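Colleague: The following block contains the structure, expressed as structure tokens.
The values are calculated or read from the model by the stated rules, or taken from the named source; none is laboratory data. Everything numeric in this text was worked out from a predicted model, so none of it was measured. Virtual Cβ from ideal backbone geometry, glycine too; neighbours counted across all protein chains shown.
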């Protein structure tokens with residue numbers, strides 16, 4: 001009887017863990033963004049991310065970055081992917097200024113599937 005209960009409990013634990021895995025992985029992909037950004041238009045540490053895709057860089061309310069404002073580029077999917085992976089390198093490439101800097105630390109979201117999750121979240125706003 002004890003063996004049967006142990007097997008049932010183990011199976012329940014494994015099944016419960018498996019069902020939570022996709023939700024946890026998804027939350028982790030854009031969870032880094034939530035540390036400094038709201039998923040609204042409201043500023044937190046960084047600007048709100050609602051409507052960011054398609055927006056010209058440096059035009060968010062309260063934007064202060066000279067490098068973003070001077071770039072003349074938009075937040076499309078390719079630029080967002082570069083930024084999510086290595087913002088410190090992306091600002092130099094996107095702005096065309098090899099000395100350009102950003103205060104945003106590298107988030108190291110370089111995996112395409114995780115980037116897809118973040119992009120999907122941004123599109124849903």
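Colleague: Out of the stretch 64-78, which residues are within 19 Å of residue 36 (Cα to Cα) and within 15 Å of the chain's Cα centre (by Cα)?
Modeller: 75
Colleague: Shifting gears a bit: Considering each of 97, 89 in turn, give the residue that is out of contact with any strand residue (DSSP E or B) (no Cβ under 8 Å at 6 or more places or on another chain), in a loop (DSSP other than H, G, I, E, B) and farther than 18 Å from residue 33 by Cβ.
Modeller: Working: 89 fails: in a loop (DSSP other than H, G, I, E, B).
Result of the check over 97, 89: 97.
Colleague: Ok, one more. Can you tell me how many residues within the stretch 60-86 are assigned to a loop (DSSP other than H, G, I, E, B) and touching a strand residue (DSSP E or B) at 6+ places or on another chain (Cβ under 9 Å)? Lay out the reasoning, then the answer.
Modeller: First, the residues of the stretch 60-86 that are assigned to a loop (DSSP other than H, G, I, E, B): 60-65, 72-73, 75-76, 86.
Then keep just the ones that are touching a strand residue (DSSP E or B) at 6+ places or on another chain (Cβ under 9 Å); that gives 72-73, 75.
Residues flagged as assigned to a loop (DSSP other than H, G, I, E, B) and touching a strand residue (DSSP E or B) at 6+ places or on another chain (Cβ under 9 Å) within the stretch 60-86 amount to 3.
Colleague: For the condition exposed (fewer than 12 other Cβ atoms within 10 Å of the Cβ), farther than 15 Å from residue 118 by Cβ and at pLDDT 90 or above, what is the one hit in 99, 2, 88, 64? Reasoning before the result, please.
Modeller: Numbers: 2 fails: at pLDDT 90 or above; 88 fails: exposed (fewer than 12 other Cβ atoms within 10 Å of the Cβ); 64 fails: at pLDDT 90 or above.
Just one listed residue meets the conditions, 99.
Colleague: Of the conditions (1) more than 16 Å from the chain's Cα centre (by Cα); (2) in contact (Cβ under 8 Å) with a residue 24 or more places away in the chain, residue 110 fails just one. Which one is it?
Modeller: (1)
Colleague: Which of the residues belonging to the stretch 26-50 are closer than 14 Å to residue 121 by Cβ, in contact with a helix residue (DSSP H, G or I) (Cβ under 9 Å, 6 or more places away or on another chain) and surrounded by 14 or more Cβ atoms within 10 Å (Cβ to Cβ)?
Modeller: 26, 29, 30, 32, 33, 39, 49, 50
Colleague: Here is a list: 56, 77. Which entry is surrounded by 13 or more Cβ atoms within 10 Å (Cβ to Cβ), modelled with pLDDT of 90 or more and under 19 Å from residue 31 (Cα atoms)? Explain how you work it out, then say what you get.
Modeller: Working: 56 fails: under 19 Å from residue 31 (Cα atoms).
So the residue among 56, 77 that is surrounded by 13 or more Cβ atoms within 10 Å (Cβ to Cβ), modelled with pLDDT of 90 or more and under 19 Å from residue 31 (Cα atoms) is 77.
Colleague: Confirm whether residue 9 is at pLDDT below 90, over 19 Å from the mean Cα position of the chain (by Cα) and either on the phi < 0 side of the Ramachandran plot or in a helix (DSSP H, G or I) (or both).
Modeller: When the stated conditions are applied, residue 9 passes them.
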